[in-house]
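Novice: Mind looking over this structure? Questions follow.
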Amino acid sequence: MADYARFLEAAREAVTLSSGVCRQVQAALDEVRAITKDDKSPVTVADFASQAVVARVLSDRLGDVVLVGEEDSKFLREPDHSPHLEAVTAAVREVFDDVDSDAVLELIDIGAGDTHHAGFWTLDPIDGTKGFLRGQQYAIALAYVERGTPVVGAMGCPNLPADFGKPLDEPDPRGTVYVAIKGDGAGEYAGDSSTPTTVRRHDLDPNDPIGVCGSVEQGHTNMSDEDRILEHIVANTDHAVREPVRIDSQCKYAVTGRGQADAYLRLPTRPGYVERIWDHAAGALIASEADCYVTDIFGNQLDFGHGRGLEKNKGVVCAPPRVHGLMIGAIEALGIQPA
Ligand code: AMP
Ligand code: MG
């Protein structure tokens, strides 16, 4: 069996260093420009720098690794894009001053691993790039997946306050890092603290109000289905519901796992969309180790054993057991299906 504790230390160091680099990129630029990828999603200098930093830390600490990252170096290798490559190299050099542009390209390409291995790492170097561009929530999400199940996860949330009293739509100067090993529970590091606190949530009582969280982006979750689910619960139970919290990225798994929201709903918006493994592996492990159930909208476990996509699943429902049951029951009663 792999040494999960050693894997976790490497993963935590990787996302912590990368969080610092992402912060610096954000602080250094008045406006971080987005490059539009072929699939029309945005990517920034920080996405590439983050992937390079994580690849470097994992390789330094663990030797040869299989890493399935969201980004690749194709864009940066085009001669016209050399200013971008220089900016990415400068960002990586903030933490590794021995690298040049060629080394950065090679590091990014470590993330070109494939999923046909009994164990592999998967990385979203900046999950919620749109949140990053708005100066709101985003995450550096890294997980080790073994035979279809995430077993080690680390998630840097550079703008997420540990303190529930602080607003979620404003960047926190300290941020948080979440970690989990399957079967060992989940932990939170607030700011640059070196000691974790346990993350474990309680379930709701039948009279407690329910607050869900979901994407900011209308294209990523079906908000009218979300309304129908909440109306159904109000009509059929003693629960009241609170206004949903809208935040980008896998921070939603952390916010649900730590008890600030009572469910993370990701309801399919368009036919055929397949969730990417790096959008869920780290967050789903952290939330389930904090005593949430994490399934798709039909109540099936997320299955990370089918390549780069969650081919066997549709959407996500993450919540403590009672609330999870209510959500799945409402989805079934309303006949909500992927569009
Ligand atoms: P969030 O920040 O939770 O809104 O999710 C951001 C992620 O949504 C990105 O990393 C994309 O991979 C993913 N995404 C892109 N298009 C869709 C879609 N149609 N449905 C669900 N997720 C999507
Ligand atoms: Mg993502």
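The values are calculated or read from the model by the stated rules, or taken from the named source; none is laboratory data. Just so we're clear, the structure is a prediction, and the values are computed from it rather than from any experiment. Positions of Cβ are backbone-derived with ideal geometry, glycine not excepted, and every protein chain shown enters the neighbour counts.
Novice: So in the range 85-142, with the set limited to residues that are among the small types (Gly, Ala, Ser) and within 22 Å of residue 168 (Cβ to Cβ), which one is farthest from ligand 1 (Cβ to nearest atom)? Outline the logic, then answer.
Specialist: We begin by selecting, within the range 85-142, every residue among the small types (Gly, Ala, Ser); these are 87, 90-91, 101, 103, 111-113, 118-119, 128, 131, 135, 139, 141.
Filter once more, so that each one left must be within 22 Å of residue 168 (Cβ to Cβ): 128, 131, 135, 139, 141.
Working: 128: 4, 131: 6, 135: 14, 139: 9, 141: 9 Å.
The residue in question is 135.
Novice: Okay, moving on. So which residues in the range 256-268 are within 16 Å of ligand 2 (Cβ to nearest atom) and either closer than 13 Å to residue 162 by Cβ or among the hydroxyl-bearing types (Ser, Thr, Tyr) (or both)?
Specialist: 264
Novice: If you check residue 162 against the conditions, is it outside any loop (DSSP other than H, G, I, E, B), of a type outside the set (Phe, Trp, Tyr) and crowded, with 17+ Cβ neighbours inside 10 Å?
Specialist: Values: outside any loop (DSSP other than H, G, I, E, B): no; of a type outside the set (Phe, Trp, Tyr): yes; crowded, with 17+ Cβ neighbours inside 10 Å: yes.
The answer is no for residue 162.
Novice: From the set of residues in the range 235-255 that are in contact with a Leu (Cβ under 8 Å, 6 or more places away or on another chain) and assigned to a helix (DSSP H, G or I), which is nearest to ligand 2 (Cβ to nearest atom)?
Specialist: 251
Novice: How many of the residues in the range 269-284 are closer than 26 Å to residue 120 by Cβ and more than 16 Å from ligand 2 (Cβ to nearest atom)? I'd like the intermediate steps shown before the answer.
Specialist: First, the residues of the range 269-284 that are closer than 26 Å to residue 120 by Cβ: 272-284.
Next, only the ones that are more than 16 Å from ligand 2 (Cβ to nearest atom) stay: 272.
The number of residues fulfilling the criteria is 1.
Novice: Taking only the range 302-321 into account, find how many residues are without any contact (Cβ under 8 Å) to a residue 60 or more places away in the chain, within 17 Å of residue 257 (Cα to Cα) and either among the acidic types (Asp, Glu) or not in a loop (DSSP other than H, G, I, E, B) (or both).
Specialist: Selection size over the range 302-321: 2.
Novice: Can you pull out the residues in the range 104-144 that are in a strand (DSSP E or B) and away from ligand 2 (no atom under 16 Å from the Cβ)?
Specialist: Applying the first criterion (in a strand (DSSP E or B)) to the range 104-144 yields 112, 119-127, 139-144.
Across the range 104-144, the qualifying residues are 112, 119, 120, 144.
Novice: Could you identify the single residue in 245, 323 that is within 16 Å of ligand 1 (Cβ to nearest atom) and among the hydrophobic types (A, V, I, L, M, F, W, C)?
Specialist: Details: 323 fails: within 16 Å of ligand 1 (Cβ to nearest atom).
Checking each option against the conditions leaves just 245.
Novice: Would a scan of the range 269-276 turn up a residue that is crowded, with 23+ Cβ neighbours inside 10 Å, under 30 Å from residue 19 (Cα atoms) and either within 16 Å of the chain's Cα centre (by Cα) or not aliphatic (A, V, I, L, M) (or both)?
Specialist: From the range 269-276, those crowded, with 23+ Cβ neighbours inside 10 Å are none; that's our starting set.
No, the range 269-276 contains no residue that is crowded, with 23+ Cβ neighbours inside 10 Å, under 30 Å from residue 19 (Cα atoms) and either within 16 Å of the chain's Cα centre (by Cα) or not aliphatic (A, V, I, L, M) (or both).
Novice: Just to check your reading of the model, which residue among 325, 315 is surrounded by fewer than 22 Cβ atoms within 10 Å (Cβ to Cβ) and at pLDDT 95 or above?
Specialist: Of the residues listed, the single one that is surrounded by fewer than 22 Cβ atoms within 10 Å (Cβ to Cβ) and at pLDDT 95 or above is 325.
Novice: Moving on to the next point. Residues that are touching a Gly at 6+ places or on another chain (Cβ under 8 Å), away from ligand 2 (no atom under 16 Å from the Cβ) and over 15 Å from residue 129 (Cα atoms): does the range 27-34 have at least one? Walk me through it before giving the result.
Specialist: Within the range 27-34, the subset touching a Gly at 6+ places or on another chain (Cβ under 8 Å) is none.
For the range 27-34, residues touching a Gly at 6+ places or on another chain (Cβ under 8 Å), away from ligand 2 (no atom under 16 Å from the Cβ) and over 15 Å from residue 129 (Cα atoms): absent.
Novice: Please work out if residue 200 is out of contact with any Ser or Thr (no Cβ under 9 Å at 6 or more places or on another chain), modelled with pLDDT under 95 and more than 16 Å from ligand 2 (Cβ to nearest atom). Quick ask: steps written out before the conclusion?
Specialist: Details: out of contact with any Ser or Thr (no Cβ under 9 Å at 6 or more places or on another chain): yes; modelled with pLDDT under 95: no; more than 16 Å from ligand 2 (Cβ to nearest atom): yes.
Considered against the rule, which asks whether it is out of contact with any Ser or Thr (no Cβ under 9 Å at 6 or more places or on another chain), modelled with pLDDT under 95 and more than 16 Å from ligand 2 (Cβ to nearest atom), residue 200 comes out as no.
Novice: Would you be able to tell me the number of residues in the range 270-301 that are in a loop (DSSP other than H, G, I, E, B) and either among the polar types (S, T, N, Q) or within 14 Å of ligand 1 (Cβ to nearest atom) (or both)?
Specialist: Pass one, the range 270-301, residues in a loop (DSSP other than H, G, I, E, B): 270-275, 280, 290-292, 296-300.
Checking which are either among the polar types (S, T, N, Q) or within 14 Å of ligand 1 (Cβ to nearest atom) (or both) leaves us with 270-275, 280, 296-297, 300.
Qualifying residue count for the region: 10.
Novice: Is it the case that residue 36 is modelled with pLDDT under 95, surrounded by fewer than 18 Cβ atoms within 10 Å (Cβ to Cβ) and of a type in the set (S, T, N, Q)? Spell out how you get there, then give the answer.
Specialist: Working: modelled with pLDDT under 95: yes; surrounded by fewer than 18 Cβ atoms within 10 Å (Cβ to Cβ): yes; of a type in the set (S, T, N, Q): yes.
Here the answer is yes, as residue 36 does meet what is asked.
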